[in-house]
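Notes for the one structure printed next.
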Amino acid sequence: MGYYTNFSISLKEGPVEQYRKMLADIDAILGCGDMSTFESCCAKWYEYGDDLRKLSEKYPDIAFCVYGDGEESDDLWQEYWRAGKCFREQVKFATYDEIKDKLN
């Protein structure tokens with residue numbers, strides 16, 4: 001079955017030439033041809049964490065951000081990658097009970 005996620009990737013720092021090569025590598029992995037043209041795609045990318053770690057190690061001079069928007073409405077996240085290391089942030093929406101005093 002699988003789970004679709006909209007992936008958007010942007011260069012934060014480093015040589016644009018290497019970044020474009022990395023996007024072409026992602027195209028080869030996914031077979032979608034969208035990354036090198038649009039820097040985004042909607043895909044079932046089962047091994048994206050392992051793939052991005054390997055690509056980040058392959059291109060250690062670039063820092064890039066991956067923004068993910070999954071099928072579920074609360075599945076929003078972003079990751080920053082450089083030299084095989086990742087920092088991930090997940091969006092957490094407040095519940096009504098957490099914010100109701102702010103409405104008064």
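The values are calculated or read from the model by the stated rules, or taken from the named source; none is laboratory data. Predicted model, so just to flag it, every value in this text is computed and none were measured. Here the Cβ is made from the backbone with ideal geometry for all residues, glycine too, and neighbour counts use every protein chain on show. Note: accessible area is taken over every heavy atom of the protein model, side chains too, but ligands, DNA and RNA are not part of it. Shrake-Rupley method; radii C 1.70, N 1.55, O 1.52, S 1.80 Å.
Table for the structure above
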| read-out | value |
| --- | --- |
| Subset of Lys44/Lys102; Lys54/Lys92; Lys44/Lys92 violating a 30 Å alpha-carbon distance limit | Lys44/Lys102 |
| Probe 1.4 Å, all protein chains present, accessible-area order of Leu76, Leu11, largest first | Leu11, Leu76 |
| Residue-normalised accessible area of region 43-95, given per residue in Å² at a 1.4 Å probe | 60 Å² |
| Accessible surface of the chain, 1.4 Å probe, proportion on carbon and sulfur as whole % | 51 percent |
| Extension gain (nm, one decimal) between Asp50 and Val16, 0.36 nm per residue minus Cα-Cα | 10.0 nm |
| Helix 48-58 axis, angle to the chain major axis (alpha carbon atoms, nearest 10°) | 40 degrees |
| Crossing angle, helix 16-30 versus the chain [Cα axis fit, 0-90 degrees, rounded to tens] | 80 degrees |
| Label-point gap, in nm, between Ala28 and Glu72 - each point 7 angstrom along Cα→Cβ | 3.4 nm |
